[in-house]
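What follows is a single structure, written as structure tokens, with notes after it.
The values are calculated or read from the model by the stated rules, or taken from the named source; none is laboratory data. No experiment lies behind these values; they were computed from the predicted model shown. Here the Cβ is made from the backbone with ideal geometry for all residues, glycine too, and neighbour counts use every protein chain on show. These area figures cover heavy atoms from the full protein model, side chains too; ligands, DNA and RNA do not enter into them. Shrake-Rupley method; radii C 1.70, N 1.55, O 1.52, S 1.80 Å.
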Amino acid sequence: MLVERKENGDFTIAKEPGEKLCLEEENLAISILWHIEDMELLGEQGCAGNFDMYQYFYNCYMDKKYMILYRRDGETFRKGETVTLTAMDLDEEDREEIIKMKQEGISA
């Protein structure tokens with residue numbers, strides 16, 4: 001797996017050429033959690049219009065959140081192309097979710 005952290009806080013993730021992934025790793029969200037250090041789910045999935053779902057992630061080292069669209073980004077990833085996770089600042093609601101996760105022992 002090719003993972004790169006950019007100076008601006010973004011990450012890129014892609015399969016190595018010819019790399020065979022296990023069934024779980026074909027799911028972009030699982031590959032992100034397994035291969036990007038300190039990355040965790042942030043909140044629940046949500047609907048992004050009629051044709052896609054989104055998921056936020058939190059990276060405690062960068063103190064930033066990231067988002068993927070399951071269909072769009074997942075298809076890009078499965079084709080072997082690079083997916084960029086753009087760093088976003090946390091808002092107050094995100095910080096409350098992180099506190100809640102810690103209190104419930106979920107992590108973050």
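Listed by first and then second residue, the pairs linking a residue in the range 87-108 that is touching a residue at least 12 places away in the same chain (Cβ under 8 Å) to a residue that is open to solvent by 60 Å² or more (accessible area, probe 1.4 Å) and not in a loop (DSSP other than H, G, I, E, B), with Cβ atoms under 6 Å apart and 6 or more places separating them unless they lie on different chains, are Ala108/Lys102.
Can you confirm whether Arg95 is under 30 Å from Gly18 (Cβ atoms), over 13 Å from the mean Cα position of the chain (by Cα) and either modelled with pLDDT under 95 or among the hydroxyl-bearing types (Ser, Thr, Tyr) (or both)?
Working: under 30 Å from Gly18 (Cβ atoms): no; over 13 Å from the mean Cα position of the chain (by Cα): yes; either modelled with pLDDT under 95 or among the hydroxyl-bearing types (Ser, Thr, Tyr) (or both): yes.
Against the criterion (under 30 Å from Gly18 (Cβ atoms), over 13 Å from the mean Cα position of the chain (by Cα) and either modelled with pLDDT under 95 or among the hydroxyl-bearing types (Ser, Thr, Tyr) (or both)), Arg95 does not qualify.
Selection of first residues in the range 65-78 that are on the phi > 0 side of the Ramachandran plot and of second residues that are among the polar types (S, T, N, Q) and open to solvent by 30 Å² or more (accessible area, probe 1.4 Å), restricted to Cβ pairs under 7 Å at least 6 apart or on distinct chains, gives an empty result.
Where strands (runs of 3 or more DSSP E) fall entirely within the range 6-108, those with at least 3 residues that are surrounded by fewer than 17 Cβ atoms within 10 Å (Cβ to Cβ) are at 39-47.
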